[in-house]
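Trainee: Quick one: the structure is below, and I'll ask about it shortly.
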Amino acid sequence: MIVLGTVAMALTLAAGAQEDAECLLCHGESDFSVELDSGEEHSLFVSEEIFAASIHGDNGCVSCHIDIEEMPHPEKLLPVDCSGCHDTEEVFAESLHGEALADEDPLAPDCATCHGAHDIMSQTDPDSVTNPINV
């Protein structure tokens with residue numbers, strides 16, 4: 001269930017100073033990545049086309065990445081908190097996944113594990129990984 005009320009509006013307006021085009025100057029490069037502490041390369045690439053086709057395609061980058069206030073942004077950012085717009089926090093917290101996350105299980109899934117990050121589709125879309133036919 002999506003709850004787009006004053007919280008979502010406030011986040012969008014407060015974060016609206018940054019333009020997606022500024023983000024895509026770096027994140028739009030297919031080889032843009034960072035080396036993790038483990039030595040593994042982690043891609044920071046965001047496909048503009050895939051994001052635009054996602055259910056969040058009309059949102060600006062900073063509507064989810066709310067701690068970005070200027071460019072360049074700090075290297076370490078807060079994790080995205082989907083509960084700012086989606087009223088699912090209580091349901092998730094009471095699930096096995098939520099309990100594992102609360103117990104700081106390193107293998108515990110978060111929202112993006114199942115729903116994706118920049119490629120999220122509506123649950124009613126037959127191509128969505130969260131469509132009941134695909135779960």
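Trainee: Rounded to the nearest whole Å², what accessible area per residue is found for the chain with the 1.4 Å probe?
Mentor: Values: 10090 Å² over 135 residues.
So the chain comes to 75 Å² accessible per residue, rounded to a whole number.
Trainee: Using θ = phi - 60° and the Karplus relation 6.51 cos²θ - 1.76 cosθ + 1.60, list the HN-Hα couplings for segment 54-65 in order, rounded to whole Hz, with x at every Gly or Pro.
Mentor: 6, 5, 9, x, 8, 7, x, 3, 7, 6, 9, 8
Trainee: Of the heavy-atom accessible surface of segment 12-135 (probe 1.4 angstrom), what whole percent is carbon and sulfur?
Mentor: Result for segment 12-135: 56 percent of the exposed heavy-atom area is carbon or sulfur.
Trainee: In terms of the Cα gyration tensor, with a ≥ b ≥ c the square roots of its eigenvalues, is the chain rounded because a/c is under 1.5, prolate because a/b exceeds b/c, or oblate?
Mentor: Here the chain falls in the rounded category.
Trainee: Taking a virtual spin label 7 Å from the Cα of D58 along the C-beta vector, which residues in segment 103-135 bring their backbone nitrogen under 14 Å of it?
Mentor: Within reach of a label on D58: 122.
Trainee: From the phi of every residue in segment 29-44, what ³J(HN,Hα) in whole Hz does the Karplus formula 6.51 cos²θ - 1.76 cosθ + 1.60 yield, where θ is phi - 60° and glycine or proline is x?
Mentor: Result, rounded to whole Hz: 8, 4, 9, 6, 8, 9, 8, 6, 4, 6, x, 7, 7, 10, 5, 10.
Trainee: Now for a separate question. Amide H neighbours of T130 under 5 Å, at least 5 residues apart or on other chains, H built in the peptide plane: list them.
Mentor: Answer set, sorted by chain and number: none.
Trainee: Per residue of the chain, what 222 nm ellipticity follows from adding -39500 (n - 2.57) for every DSSP H run with n ≥ 4, rounded to the nearest 500? Please report the intermediate quantities before stating the final value.
Mentor: Numbers: 7 runs with 45 residues, N = 135.
The per-residue figure over the chain is -8000 deg cm²/dmol.
Trainee: Just how large is the dipole of segment 58-135 about the Cα centre, in debye to the nearest 20, putting +1 at every Lys and Arg Cβ and -1 at every Asp and Glu Cβ?
Mentor: Approximately 240 debye in magnitude.
The values are calculated or read from the model by the stated rules, or taken from the named source; none is laboratory data. As the structure is a prediction and not an experimental result, all values here were calculated from the model. Virtual Cβ from ideal backbone geometry, glycine too; neighbours counted across all protein chains shown. These accessible areas exclude ligands, DNA and RNA; they are computed on the full protein's heavy atoms, side chains included. Shrake-Rupley method; radii C 1.70, N 1.55, O 1.52, S 1.80 Å.
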